[in-house]
Structure formats: C-alpha cells, structure tokens
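Working notes, beginning with the structure itself.
Values quoted throughout were computed directly from the atomic coordinates according to the rules given, and no laboratory measurement underlies them. Note that this is a predicted model, so its numbers are computed, not measured. Cβ coordinates were reconstructed from backbone atoms using ideal geometry, including for glycine residues, and neighbour counts include every protein chain displayed.
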Amino acid sequence: MATSKSPSPLRVLTGITTSGTPHLGNYVGSIRHSVRQSVAPGVETFFFLADYHALIKVNDPALVQRSTLEIAASWLACGLDPERVTFYRQSDIPEIPELTWFLTCVTGKGLLNRAHAYKASVDKNTAKGDDPDADVSAGLFMYPVLMGADILMFNAHQVPVGRDQIQHIEMARDMGQHFNHLYGEHFTLPQALIDDAVATLPGLDGRKMSKSYGNTIPLFAPRAQLHKQIAGIVTDSRPPGEPKDTEGSALFQIYQAFADEAETAALRKAFADGIGWGDAKQLLFERIDREIAPMRERYEALLSDPARIEQTLLAGAAKARRLSQPFMVRLRHAVGLRNLGAQAARSVDKAAKGAGKPVFKQYRERDGQFYFKLLDGGGALLLQSLGFASPQDAGRAIGLLQQQGGTALGTLATQLEPLDAERAQAIAAALDRLAEDSEK
Ligand code: TRP
C-alpha cells in the first residue's frame, strides 16, 4: 500500500561476488553486521549477488552456480529478510548491463587505468618483463564501471565496503557526477561506509582470513569439520600450565569476535593461568558452534530446496526492477534514446495548441483510499496509481509528476502500478510534455 512515507529514505546497498563459499571472516566482517543493520528504521537496504562480477574471476560455470546458491542460502540463514530488504541477483536485472554501457561512455579510460586492481596486474606483468596487459581481460578493466552501475542504478546513498573498495565507490561518484553534468541530475552520488568497529578475522595461519590465502573456515562447515579446522589453528608451542599471550593469538582474536566482554575476559584469564591449547580450542569450537548451529540448520534446509531460493531471488528481482525499469526509461530518454513516434506526437500536439493534452483524474475508491490516473488526450489510461491514505498524498504525487515529468516516475515507482518499459516511455514523454507546458 502506498502511504505518505518520506520520498527518499536512506538507501544502503551491498554486493557480494559469487565466486566462493562464505567463511567465518565474511560472517564476522560483513554478514552479521549487515543483517542487523538491515532492520534499522528509516533505512532501505539492497543486497545483491554480484554474479556478473564473478565471471571476471571465475571461468568455472559449476562454481559460479554453486557459489550463488551458497551465498544466497547463507544470507537467508543468517536472518536476512527478503520481505524487508531488496534481495536480488545482479544478472536478473537487465537494466544493469544497459546502464553499464551508458556509464562506459562517460568514463575516462584514464580513470580506469588508475584502478588499483588493474594497476596491480599491470605492475606484476611489467616486473616480469611481460606485456603490461598480459592476461588482463577487458572485464577486469571494466570492473569499476559495472560496479558503478550496480550502485547508481538504485541511487544508493551509502555502500558499506572494506578499505580496498573505497576507490571503486569514488569512481562511481565520478561516473554519476559526469553523467549528471552532461544529462541533468539523475544520480545520487554514493558514499563509502567504512565501519572500523567491524572485526577482520585472522585465518588458520594467523594472517587475515581470506580465500586468496587458503586459510578460511567455511561458515557452515559441518560440526565435525569445524572442530577439525579449529584444531588446526596455529599456536605457539607452550605447554599446558605455562601462561599464554593473547596478543597476536589468532585463536584469541577469533574467540573475541564471537564472545561478549565477560566471556573474553574469562578466556584472557585462562590464558594467563596457562590453559592448554587443546582446551582453548575446545572452548573456541563450542563458542562458535553455539552461535552458528541454529543458522547451520536453516542453511541446510535452504540448500535442500534450491527451487525455493530461486523463487526468492526472482521475487527480489521483480521488486528491484520496479525501480530499475522506470529509471532506465528515464535515462534512455535523457541520453536521447527516444521513441520517435512520441516525438512526432509531441509536435503534432503542440500544433493542436493543447487540444488532447493528457489529464490527471483524482478519485476515491470504495476501499476508502485515494487514487489518481493519467489519461491521454483521447481518454486512454496511461498511468494508474496505487491507493494513498489521503487526497493530499495523492495530490503531492501528481504535483511531482507535473513538475518533474518523466523524472518522477522512478521516484514514485512504489506508488504506481508496475509499468513495462514501453508504457513507461510513452508516459514519460506525455509527462514531459505536460511539464514543459507548465514551465511556460
Ligand atoms: N566489488 C565487490 C567485492 O568484491 C562486490 C561488488 C560488486 C559490490 N558490485 C558492488 C559491492 C556494488 C558494493 C556495491 O566485494
């Protein structure tokens, strides 16, 4: 139901590349925190599976498919509520590659030359005496543009990322700014959100837990595997009875990421009292398992029904496209990819001096709610609103459409009956005609 909610709640967007299996580091560093944040009032959150990005790194179709399933199931098992957030798969949104192209055309090649990931590859090749671009795909080079499209498509205000991704967000800002400069204010400029309170977790070998170091513990490893892997965490060789350092202990840091303050203090004391490594590992295992076990059960149930996950993602994509479709209509219009018929109609219309102009009709339905529709000059239905709580709310929406023309279609997407691209384009043209008239 459409109500008079504020026109632009804070939008937060998170993308996860589908190129691996979620591990405890992902959970502590991102998933746990994001799921909690996603229920904050006044925030609209978007989570998506960046499977187009996965193709840049992974050439194994089975791995991409498996990873997509595992990541989707993991986020759902950890409590992400697809009713509250918009949870979708990047490749289900055809507007994203289309926007990628629009942004490609306003992005300096030099800007992309300076991207850290690309530069690192070039530096490595140069050091080896190879061609600078050896084994660099155009996909890797374009990575920041695809990511910019992900972010700008939904006009996200904030993008929570690790420090290594800050440059990508700045590039997205650049692209948005440049596009706005050329074609008018269409994009919100995003900001990176860095949360230093979020822990980075050490891996089995004490370095940061990361797939590229091969030192990860899968988030939903079966209990026995979790136990075995925890037993493999590096420690020093002090025997039981001898005090242990918490400083620099991977085991202690991992424990701390799961435990509350009292539990952490207790383990600190046990270290000082000379707890044996075997016992300390048992404590760590039990603490992690206590938090993970209920989610692991949900995860396994979800994985056993992939068709349901598919349904969830498709429903999420439909929700996302209620925004991306009308927005893309507006962007196509902005850059000049326009319906020539509509333009012809415009000049004919102008000649007729306002005869057959589109009109808004406002009315109340039996359900007690207030609605409006837009009819074309011939009386045919162009646009149908959903119900509003008050006539003022409906009036405000009409005002926005009258002032901003097609631009307002994206803003009001959740308050209108869904539109297909072609309809939206015709409406945008009609509204733009009205808006032009009202400027005179
Ligand atoms: N580049 C991100 C990563 O590797 C994944 C990603 C793709 C993303 N598109 C995004 C993150 C948009 C945030 C916003 O982690």
- Task: Please give the length that would be gained between SER304 and GLN225 if that part of the chain were fully extended, namely 0.36 nm times their separation in residues minus their C-alpha to C-alpha distance (nm, one decimal).
- Result: 26.5 nm
- For the chain, just the Cα atoms, rotate onto the principal axes and tell me the three extents in Å, largest first. 95, 63, 35
- Per the Kirkwood formula on distinct C-alpha pairs, the Rh of segment 74-228 is how many angstrom? 18.3 Å
- Note on the structure: Checking rank on 255-264, 425-434, 142-151, with mean other Cβ inside 10 Å and highest first, the result is 142-151, 425-434, 255-264
- With ILE56 itself left out, Lys, Arg at +1 and Asp, Glu at -1 over residues whose Cβ is under 14 Å from its Cβ give -3
- Helix-only mean residue ellipticity at 222 nm for the chain, each DSSP H run of n ≥ 4 adding -39500 (n - 2.57), per residue, nearest 500: -16500 deg cm²/dmol
- Length added when fully stretched, ALA315-GLN177, from 0.36 nm per residue minus Cα-Cα: 46.5 nm
- Note on the structure: Under a Gaussian network model of the chain whose springs join Cα atoms within less than 10 Å, the largest fluctuation of LYS109, LYS124, LYS211 belongs to LYS124
- Task: Residues in segment 214-237, backbone N under 15 Å from the label point at GLN253 (7 Å along the Cα-to-beta-carbon vector): list them, ranges by number please.
- Result: 214-217, 233-236
- Message: Taking the Cα of ASP260, stepping 7 Å toward and past its beta carbon, and measuring to each backbone N in segment 278-298: which are under 17 Å?
- Response: 287-292
- Message: Within the chain, which whole H helices from DSSP have a Cα span along their axis of at least 15 Å and a mean Kyte-Doolittle hydropathy of 0.0 or more, if any?
- Response: 61-77, 138-153
- Count charges around GLY276 for me, please; just the other residues with Cβ under 10 Å from its Cβ, Lys/Arg as +1, Asp/Glu as -1. +1
- Message: Through the Karplus equation 6.51 cos²θ - 1.76 cosθ + 1.60, θ set to phi - 60°, convert the phi angles of segment 47-56 into ³J(HN,Hα) values in whole Hz; use x for Gly and Pro.
- Response: 10, 9, 8, 7, 7, 5, 5, 4, 5, 5
- Going down the table (LYS57/LYS124; LYS124/LYS228; LYS208/LYS228; LYS119/LYS208; LYS211/LYS244; LYS57/LYS228), which pairs top 25 Å between alpha carbons? LYS124/LYS228; LYS211/LYS244; LYS57/LYS228
- Query: Long-range amide H contacts for PHE388: which residues qualify at under 5 Å (H placed 1.01 Å from N, peptide plane, sequence gap of 5 or more or a different chain)?
  - Reply: PHE370, TYR371
- Message: Just to be sure I understand the model, the point goes 7 Å from the Cα along the line to the Cβ. What's the resulting VAL43 to GLN65 distance in nm?
- Response: 3.5 nm
- What's the center-to-center distance, using Cα atoms, between segment 366-419 and segment 109-150 in Å? 46 Å
